[in-house]
Structure formats: structure tokens, C-alpha cells
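Asker: Here you go, one structure.
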Amino acid sequence: MVFALAAICAFVSVTWTKHAGGVATIWPANAIIVVAMLRSSRSDGRLYVMALCVMTILINIGDHRPWGIVLGFALANMVEVTMAALLVRRISPVAHSFEQPGWAFRFAVAIFISVIGSAVVAGGALSFSEHHPWVAGSKFWMMSHLPGLLIIVPMLLALSPERDRQRLAAAEPHMATTLFLMAFVAATSLAVFSQSRYPIQFLILPSLLLATYHLNAKGAALSVAIVAVIGSFFILTQTGPLIQVHGPAAMKIYIFQLYLVTIFFCALPLGAVLTQRDQKANLAEQRFQDFRHLADRVGDVLFRADAAGRWCYLNPAYARMSGFDVTTKLGQPVLDDVVPEDRPALAQAQAELTDGTRDEIKLVVSIHRRDGTVRHVEILAYRLDEGDGFGGLIRDVTDQMTLEAQNRQITAAYETAANTDELTALPNRRAFFQVLGVHLSDTAPSDLTVALFDLDHFKRVNDQYGHPAGDVVLRQVAQTVRATMRECDMVARIGGEEFAILIVGESHGQAMAMARRTLHAVSAASIVLPEGPTVHVTISMGLATRTDHEDRDTLISRADQALYAAKRMGRNRLEEASMTSDQILS
């Protein structure tokens with residue numbers, strides 16, 4: 001179909017519109033081939049080019065042109081369609097083209113460059129074979145080919161059913177609207193071109209813009225096609241306002257083509273802007289529908305109230321929570337369903353929210369259900385724009401817990417969180433020093449030992465395997481150390497990769513033996529990382545046993561100095577702090 005249509009157009013152009021320059025005045029065949037190449041794969045595009053070459057040669061042979069013209073025009077057409085397809089794809093992509101206001105300009109630049117390239121070749125062929133001036137021959141070629149490509153290519157792209165164009169307007173206009181607009185364009189065109197007295201071609205522009213406004217790029221393309229058909233008919237029958245132009249028929253056809261290019265490229269950017277408008281409106285509508293869909297299914301009550309404290313919006317969850325129908329509550333005061341004793345606090349919070357004193361409120365109140373029962377709800381509300389009231393959500397908290405149980409659970413959770421390391425589940429630094437303080441106050445000096453240790457070259461693990469792997473290593477080391485100690489001993493994480501052990505009720509020598517056992521257990525443990533590799537890590541440890549009346553800071557300082565000594569002496573070792581003579585004898 002593509003080749004047949006292009007061949008018919010080429011034959012008609014050569015037979016009926018050839019002027020004194022030896023070039024057809026109208027040449028739509030290349031535009032048809034370019035559109036086919038843009039809508040097909042690159043491999044199919046090469047077939048289109050070769051077929052165009054054969055078709056051009058046959059038509060020019062049938063027109064009894066010299067072989068220089070035959071081959072030169074075939075080469076020029078091949079150059080033109082190849083450059084046009086490549087440049088349009090590169091600097092003015094076809095996908096979503098009619099949604100971009102700047103596409104028409106970039107497309108015109110691509111076509112202009114392509115026609116210049118083909119005109120140079122065609123002008124050379126005319127100069128070589130028929131001794132036409134090269135520049136004049138190139139000009140004749142450009143005047144014939146440039147309008148056809150600029151008009152027909154975007155027209156066919158806009159009218160062709162292509163999957164990218166499904167993104168334009170979500171709602172297609174009614175067929176009656178399309179027919180009415182096209183009839184209006186046709187009537188205006190007939191009125192303009194059927195008379196030869198007045199140059200009133202500008203009257204077509206309002207009807208074209210009206211069709212573009214309602215139908216976007218498709219309306220512009222259909223309108224220009226109608227104008228082209230009607231205008232061409234009257235020009236060929238020597239009627240219409242262009243008859244007043246002095247000059248050969250070819251000049252009148254060129255002026256008419258330029259007129260079509262001008263009105264089309266005025267309408268295309270408008271169509272793109274309107275398309276973007278429709279897309280944004282459709283997107284906004286879709287987002288709103290999505291919100292309503294989610295709001296209708298969410299378990300909590302979503303609400304909005306005006307500045308006077310009356311319900312403006314309630315989702316269906318309100319009916320499930322209160323037993324009242326949503327439609328009966330819209331426009332009613334928010335306070336109506338709240339128990340009397342909770343109304344003053346909520347009324348004050350609402351007032352502060354609407355006058356800007358507060359930006360949000362979080363309040364637990366009790367409400368009466370329709371069946372007379374009382375439910376406890378938590379209201380989370382936020383101030384909207386000035387004068388628009390407030391909105392938020394309401395959550396039923398009745399079945400969660402009684403107030404006393406809730407307070408106990410929250411207190412226990414806070415206490416646990418405050419004293420537990422989240423990563424390793426060991427006691428944290430705060431818990432360690434609290435327990436150490438208790439033992440320092442009532443434990444015999446020789447019965448209390450502190451060991452500090454950290455992982456050797458832990459930064460390498462993080463750098464090589466990543467921080468998630470480092471977290472795995474920390475957890476595994478914590479488990480290993482905890483497993484080597486007694487239940488009464490305390491193992492805590494007091495820093496990034498730094499840990500502490502509190503050994504109670506053991507002599508210095510026994511504490512040293514326990515620490516060595518821990519050191520060996522860590523170095524022997526195989527740690528499997530999430531990504532598969534197995535690693536081994538070591539620790540360095542410093543140990544200090546409390547002397548008579550030694551305070552916490554001194555004890556920790558001695559253990560810390562022993563830890564640094566272990567690191568300086570090669571790591572993966574245990575060093576003990578300096579001891580008194582009493583400790584050595586023990």
C-alpha cells in the first residue's frame with residue numbers, strides 16, 4: 001500500500017505538475033516514504049529506500065529524461081528520505097511528538113537540512129545533464145520537496161493509528177463533534193477559495209484553531225488536509241484568491257503550499273499545549289479517583305472539617321466506627337458525637353488549630369456510637385491552608401488496651417529501649433554503667449572485674465563487605481561472647497565495635513581464664529555473611545580487677561589502657577591492667 005500510494009503520487013506529480021525547471025511542483029511521494037520509515041524498523045527502512053530508488057528511476061525513464069537526470073534524481077530522493085528519517089529520529093523523535101510544543105520547530109529543522117542535501121545532488125544532476133544552473137536547479141528542487149515534507153509528514157503522523165498516540169487525550173471527542181468541526185473547516189475553505197475577488201485566506205485560521213482546540217493535533221491535521229484538497233481543486237480550475245497573484249501556475253502552487261505550511265505549524269504547537277493540558281487534567285482526575293479508592297477502603301477515618309468545625313468530608317470508615325451514615329453527618333459539628341466531658345478540650349484544640357496557634361493536634365476523646373456504646377478514639381488533625389479548616393484521621397483505640405495496661409506497656413517498652421542495644425540485643429552503655437555502679441557500692445573489691453574489648457580491623461569488614469555485613473559480624477560476636485560467659489555475668493555493647501564484660505564473684509585469675517576462653521571462642525568462630533562468604537574475626541581485650549575503694553572511672557581507665565596495650569602488641573590478645581601486690585598473690 002505504501003509503495004502503491006507513493007508511486008501514484010509520484011506519477012501524478014511528474015505528469016501534471018512539472019514546470020519549466022524540469023521538476024514537479026508538488027512531490028508528496030517522499031513524505032509518504034519518510035512516514036513509513038519512521039513507523040517501521042531500521043531494516044525495513046532500507047527496503048523502503050531501495051524501493052523508492054527503483055520507483056524514481058522507472059518514473060523518470062517513463063518521462064523520457066536523460067540517464068544523468070534519472071540516476072541523479074534517484075540518488076537525491078534516496079539521500080532526502082534517509083537523512084529525513086535519521087534526523088527526525090535523532091533531533092525530533094516521533095514518540096509523543098504531538099505532546100511537545102517544540103517538536104514542530106525541531107522537525108522543520110531536520111526536514112530543511114535533509115532537503116538541502118538532496119537539492120545539492122538534484123541540482124548537480126540538472127546541471128550535468130540539461131545544463132541548468134546548479135543553484136537554480138537546487139532551488140527548484142527545494143521549492144518542490146520542502147513544502148510536501150513539511151505538510152504531509154506531520155499530517156500522516158498525526159492521523160496514523162500508532163500506539164504512542166494512545167497517551168494523548170484519555171477521552172476521545174464524540175464523532176458528531178469531529179464531523180461538525182470538519183464540516184465547519186470545509187465550509188470556510190469553500191467560501192474562501194471559491195471566489196477570486198478578495199484575498200481572505202486568513203478566515204480559515206479561526207476554524208483551524210477551533211478544530212485544534214477540540215481535537216488537538218489530529219484536528220489540525222484533518223483541517224489542513226481538507227484545506228489542501230479544497231484549495232488545490234480551485235487552483236487547478238483557475239479559481240480562488242491566488243488567481244490574483246501574477247506569475248506562472250507553479251508560483252501559485254508554491255504560495256499555496258507555503259500558506260498550508262504556515263497555518264499547520266501555527267496549529268501544531270497549540271495542539272501540543274492542549275494535549276499537555278488534557279494529560280494533566282486526566283492525570284489529576286486519575287489521582288483523585290485513586291485517592292478516593294484508597295480512602296474508601298482504609299480502616300481509619302479520614303476527615304476534613306471547615307473553619308467552623310463542621311464535617312466537610314468523611315470516608316466510609318466513619319460509618320463502621322460510629323454506626324452513623326456519612327451523608328447525615330456532613331455539615332454537622334464535629335463535637336456532636338463527642339461525650340460532654342471531652343468537648344471542652346477538643347473545642348479548644350480546634351480553635352487553636354484554625355486560628356494558627358497550633359499546626360496539629362493529637363488528642364484521645366470518647367464518642368457515642370449510634371447504638372449508645374462509647375468508643376475511645378485518637379484524633380490526629382492538621383491545619384490546612386488559611387481559612388480552609390483542618391483535616392486528618394481518627395483511629396479507634398478502644399480495643400488496643402485499657403489506659404492502665406497501655407501505660408505499663410509504654411513504660412516497659414521505654415525502659416527496655418533505653419537499656420538495650422538495638423543491633424545486638426545486649427545491654428547498652430547506659431545499662432552497663434548502671435549495673436557497674438550498683439556493684440561498686442556493695443561488692444568486695446576482689447569480686448569485681450571489668451573487661452573491655454573491640455574487634456580487630458573491623459573497618460576492613462565494613463569497607464570490603466559493606467555495613468550490613470558489619471552488622472552481622474557484630475551480632476555474631478555478641479552471641480559468641482554471651483555464650484562463653486555465665487548467666488550472672490554481664491556483656492554489653494558500649495560503642496560502635498566496643499564491648500564490655502562485667503564479671504562478678506570471681507577472683508582475678510578465674511576472670512582471666514574466662515576472658516581467654518572468650519578470646520579463643522571469637523577467633524575460632526566462623527561467621528557466614530549474607531552474600532555467602534565466611535569470615536573470621538579476632539578481638540583485643542583489656543582486663544582490670546577492682547582494687548580497694550577504686551571508683552568507676554579509675555577502673556574503666558585501667559581496663560581501657562590494657563585494651564590499648566593489647567592493640568599495640570599485635571591484637572588478638574588479652575592484656576591485664578597493672579595490679580597491686582595483693583592481686584598478684586591471689
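The values are calculated or read from the model by the stated rules, or taken from the named source; none is laboratory data. These numbers were taken from a predicted model, which means no experiment stands behind them. For neighbour counting, all protein chains shown are included, and Cβ atoms are generated from backbone atoms with ideal geometry for every residue, glycine included. These area figures cover heavy atoms from the full protein model, side chains too; ligands, DNA and RNA do not enter into them. Shrake-Rupley method; radii C 1.70, N 1.55, O 1.52, S 1.80 Å.
Asker: Out of every Cα-Cα pair in segment 201-317, what percent are more than 18 Å apart? It would help to have the intermediate numbers written out before the result.
Answerer: Working: 4511 of 6786 pairs.
Of all Cα-Cα pairs in segment 201-317, 66 percent lie more than 18 Å apart.
Asker: Sticking with this structure for a sec: Rounded to the nearest 0.05, what FRET efficiency do ASP463 and ARG516 give with R0 = 45 Å and r taken as the Cβ-Cβ distance? Could you check? All intermediate terms of the calculation are to be shown ahead of the outcome.
Answerer: Numbers: r = 30 Å, r/R0 = 0.66.
Efficiency computed from Cβ-Cβ geometry: 0.90.
Asker: Just the accessible area for LYS459, please: 1.4 Å probe, Å², rounded to the nearest 10?
Answerer: 140 Å²
Asker: Tabulate in residue order the Karplus-calculated ³J(HN,Hα) for segment 118-124, using 6.51 cos²θ - 1.76 cosθ + 1.60 with θ = phi - 60°, rounded to whole Hz; enter x for Gly and Pro.
Answerer: 6, 5, 4, 5, 5, x, x
Asker: Quick check: from the Cα gyration tensor, does the chain come out rounded (a/c under 1.5), prolate or oblate?
Answerer: Values: a/c = 5.13, a/b = 2.02, b/c = 2.54.
Judged from the Cα gyration tensor, the chain comes out oblate (a/c at least 1.5, b/c at or above a/b).
Asker: Hey, which lysines would be in cross-link range of LYS252, C-alpha to C-alpha under 25 Å, not counting anything within fewer than 8 residues on its own chain?
Answerer: In chain and number order, the partners are LYS18, LYS139.
Asker: Moving to a separate point now. Could you please report the charge total around SER366, scoring K, R as +1 and D, E as -1 over all other residues with beta-carbon less than 12 angstrom from its beta-carbon? Don't skip to the answer; put the middle values down first.
Answerer: Working: positive: ARG343, ARG369, ARG375; negative: ASP337, GLU341, ASP342, GLU378, ASP396.
My count for the surroundings of SER366 gives -2.
Asker: Another question about this same structure. Sorted by average packing, counted as other Cβ atoms within 10 angstrom per residue and highest first, what order do 27-34, 189-196, 58-65 take?
Answerer: Working: 27-34: 26.8, 189-196: 17.5, 58-65: 15.4.
Descending mean neighbour count gives 27-34, 189-196, 58-65.
Asker: Which order do ARG568, ARG304 take by accessible area at a 1.4 Å probe, largest first?
Answerer: Values: ARG568 180, ARG304 100 Å².
Listed by decreasing accessible area, they come as ARG568, ARG304.
Asker: Next question. Would you mind checking which residues have amide H under 5 Å from TRP27's amide H? H placed 1.01 Å from N; only 5 or more apart, or other chain.
Answerer: Hits under the 5 Å cutoff: GLY148.
Asker: Heavy-atom accessible area of SER526 with all protein chains present, probe 1.4 Å, nearest 10 Å²?
Answerer: So the heavy atoms of SER526 present about 70 Å² to solvent.
Asker: Still on this structure, please answer the following. Give the relative contact order (percent, whole number) for the chain; include only Cα pairs under 8 Å separated by 6+ residues. Walk me through the intermediate numbers first.
Answerer: On the way: 903 pairs, mean separation 46.3, N = 586.
Over the chain, the number comes to 8 percent.
Asker: Here's something else I'd like to know. Which part of segment 487-525 falls in the paramagnetic zone of ARG571, meaning amide N under 20 Å from the point 7 Å along Cα-to-beta-carbon?
Answerer: Answer for segment 487-525: 494-500, 516-525.
Asker: Output the Kirkwood hydrodynamic radius of segment 459-522, Cα pairs only, in Å rounded to one decimal.
Answerer: Values: mean 1/r = 0.0780 Å⁻¹.
After inverting the mean inverse Cα-Cα distance, the result is 12.8 Å.
Asker: Could you work out how much longer the chain between ARG486 and SER441 gets when fully extended? Use 0.36 nm per residue separation minus the Cα distance between them, nm to one decimal. Please list the in-between numbers first.
Answerer: Numbers: separation 45, 0.36 × 45 = 16.20 nm, distance 2.19 nm.
Working it through step by step, the gained length comes to 14.0 nm.
Asker: Setting aside same-chain residues fewer than 8 positions from LYS567, which lysines have a Cα under 29 Å from its Cα?
Answerer: Within reach: LYS459.
Asker: Say each of ARG46 and GLN479 gets a label point 7 Å from the Cα, pointing the same way as Cα to Cβ; how far apart are those two points in nm?
Answerer: 6.1 nm
Asker: Roughly speaking, to the nearest percent, how much of segment 180-311's 1.4 Å accessible area is carbon and sulfur?
Answerer: Working: 4570 of 6690 Å².
Ligands and nucleic acids excluded, carbon and sulfur reach 68 percent.
Asker: Here's something else I'd like to know. Would you list TYR48, TYR414 from the most to the least accessible area, probe 1.4 Å?
Answerer: Values: TYR48 45, TYR414 160 Å².
Largest to smallest exposure gives the sequence TYR414, TYR48.
Asker: Related question: Note the full-extension length gain between LYS280 and LEU190 as 0.36 nm times their separation in residues minus their Cα-Cα distance, in nm to one decimal. Present the calculation step by step, with values, prior to reporting the outcome.
Answerer: Working: separation 90, 0.36 × 90 = 32.40 nm, distance 3.67 nm.
Computed gain between LYS280 and LEU190 is 28.7 nm.
Asker: What number comes out for accessible area per residue over the chain if the probe is 1.4 Å? Units Å², please. Mind showing how you got there, number by number?
Answerer: Values: 29760 Å² over 586 residues.
Per-residue value: 51 Å².
Asker: Let me know the Kirkwood hydrodynamic radius for segment 449-586, please, with Cα pairs as the basis and the value in Å to one decimal.
Answerer: On the way: mean 1/r = 0.0651 Å⁻¹.
Evaluated on segment 449-586, it is 15.4 Å.
Asker: Another question, if that's okay. Contour minus end-to-end for VAL528 and ARG292, with contour as 0.36 nm per residue of separation and end-to-end as the Cα-Cα distance?
Answerer: Details: separation 236, 0.36 × 236 = 84.96 nm, distance 4.80 nm.
Residue separation times 0.36 nm, minus the Cα-Cα distance, leaves 80.2 nm.
Asker: Probe 1.4 Å, all protein chains in place: accessible area of PHE324 in Å², nearest 10?
Answerer: Solvent-accessible area, nearest 10 Å²: 50 Å².
Asker: Same structure again: Taking the Cβ-Cβ separation of MET1 and ASP325 as r and a Förster radius of 60 Å, what is the calculated FRET efficiency to the nearest 0.05?
Answerer: Numbers: r = 62 Å, r/R0 = 1.03.
For R0 = 60 Å, the calculated efficiency reads 0.45.
Asker: Amide H to amide H under 5 Å from GLU576: which residues, 5+ apart in sequence or cross-chain, H placed 1.01 Å off N in plane?
Answerer: Under 5 Å from the amide H of GLU576 lie the amide H atoms of LEU543, each far enough along the sequence or on another chain.
Asker: Which whole-number percentage describes the relative contact order of segment 419-525, with Cα contacts under 8 Å and a sequence gap of 6 or more? Could you put the intermediate results ahead of the total?
Answerer: Working: 126 pairs, mean separation 39.2, N = 107.
Contact order relative to length: 37 percent.
Asker: Please work out the Cα center distance from segment 70-90 to segment 313-376, rounded to the nearest Å.
Answerer: 73 Å
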